[in-house]
1. Residue 119 versus (1) assigned to a helix (DSSP H, G or I); (2) under 17 Å from residue 174 (Cα atoms): which is the lone unmet condition?
2. Is one or more of the residues making up the range 79-97 in contact (Cβ under 8 Å) with a residue 40 or more places away in the chain, surrounded by fewer than 24 Cβ atoms within 10 Å (Cβ to Cβ) and not in a helix (DSSP H, G or I)?
3. Could you check, for the range 163-180, whether at least one of its residues is open to solvent by 50 Å² or more (accessible area, probe 1.4 Å), assigned to a loop (DSSP other than H, G, I, E, B), within 20 Å of residue 79 (Cβ to Cβ) and not aliphatic (A, V, I, L, M)?
4. Against the condition within 18 Å of the chain's Cα centre (by Cα), at negative phi, modelled with pLDDT under 95 and among the hydrophobic types (A, V, I, L, M, F, W, C), how does residue 139 come out, does it pass?
5. Take the range 80-112 and flag every residue that is more than 14 Å from residue 57 (Cβ to Cβ) and either among the charged types (D, E, K, R) or within 20 Å of the chain's Cα centre (by Cα) (or both).
6. Test each condition in (1) at pLDDT 90 or above; (2) β-branched (Val, Ile, Thr); (3) within 25 Å of residue 98 (Cα to Cα) for residue 189 and report the one that comes out false.
7. Scan (1) assigned to a helix (DSSP H, G or I); (2) open to solvent by less than 30 Å² (accessible area, probe 1.4 Å); (3) not polar (S, T, N, Q) for the single condition residue 32 breaks and write down its number.
8. Tell me yes or no: at least one residue of the range 129-137 is open to solvent by 70 Å² or more (accessible area, probe 1.4 Å), touching a residue at least 12 places away in the same chain (Cβ under 8 Å) and closer than 25 Å to residue 34 by Cβ.
Amino acid sequence: MTAPGAKAARGLVPQDHATMRSHSEGVVLAVADGVTLVDGLASHAHVGAYLAAELTAEGAMAALRRGAGPCDTRAQACAALHHGLHGIWSELQRETAARALATTIVLAVVTVTWTAIWCSGDGAWGIVAPAATVVRGDATRHPIGADFQAVAGERLNETHVELAALNARRGPTAAARDLRTMLYADGPVLGAYVATDGLRHEPPLAERLLRPFCGDPVMARALLTRPNDCDDLGVAWAAQRATCAEHAEAML
């Protein structure tokens, strides 16, 4: 789901993009947010946000299809980012390419046995898991009754100088250094989301994403508040499906 905000209100192109991939091996969620100003000039980073989210998601899914673990999955995502953007870096002057490719990334991979979330720049993320699931990372834990836990984190940066999409021009390893592990869960989870930093302007949606059954895009849009000065927003999420009766019980 993507939702425009302040940029659209000023006649600018929204720069947030969200995407997902699903396979029997797991689910991949990715969001990216273009940096508005690069070297003091208005960017064209809506292009970079689209490419960064789609490339890293596709790379991570390719790794999952062959049964890769967390480290190899991140490496494959960064390799896809490097190879996908290589032509742009090669054919354009560096300053021109940077104005199109300066973008944050938040990438999540959810499998039956592990979940990992990586971030470059800023953004927000969270999971809902059984209380017994071991979760590591700099995030806040919220008990949901006796049986479940919600774990959420965010990263807000005023400056964006270490971005995987920019450093990918030097190779996958350079990109991987700036796509850092934010959360790792050793065990099953019921739901997960990643979001761009605009989620901080949407408290009802942020709270709803930390419940086991996250619903659908129609529900999410109903929770949005969109004043003219709010930030653009991109959210990708996945949740365990439930019957209507189970969903009603989870809401109590």
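The values are calculated or read from the model by the stated rules, or taken from the named source; none is laboratory data. No experiment lies behind these values; they were computed from the predicted model shown. Glycine also receives a Cβ, built like all others from the backbone with ideal geometry; neighbour counts cover every protein chain displayed. Ligands, DNA and RNA are excluded from the accessible area calculation, which covers all protein heavy atoms including side chains. Shrake-Rupley method; radii C 1.70, N 1.55, O 1.52, S 1.80 Å.
1. (1)
2. No, every residue in the range 79-97 fails to be in contact (Cβ under 8 Å) with a residue 40 or more places away in the chain, surrounded by fewer than 24 Cβ atoms within 10 Å (Cβ to Cβ) and not in a helix (DSSP H, G or I).
3. Going through the range 163-180, the residues open to solvent by 50 Å² or more (accessible area, probe 1.4 Å) turn out to be 169-170, 173, 177, 180.
Then keep just the ones that are assigned to a loop (DSSP other than H, G, I, E, B); that gives none.
No: zero hits.
4. Details: within 18 Å of the chain's Cα centre (by Cα): yes; at negative phi: yes; modelled with pLDDT under 95: yes; among the hydrophobic types (A, V, I, L, M, F, W, C): yes.
When the stated conditions are applied, residue 139 passes them.
5. Just the residues of the range 80-112 that are more than 14 Å from residue 57 (Cβ to Cβ), to begin with: 82-83, 85-102, 104, 111-112.
Correct list: 82, 85, 91, 94, 95, 99, 100, 101, 102, 104, 111, 112.
6. (3)
7. So the condition that residue 32 fails would be (1).
8. Checking the range 129-137: not a single residue is open to solvent by 70 Å² or more (accessible area, probe 1.4 Å), touching a residue at least 12 places away in the same chain (Cβ under 8 Å) and closer than 25 Å to residue 34 by Cβ.
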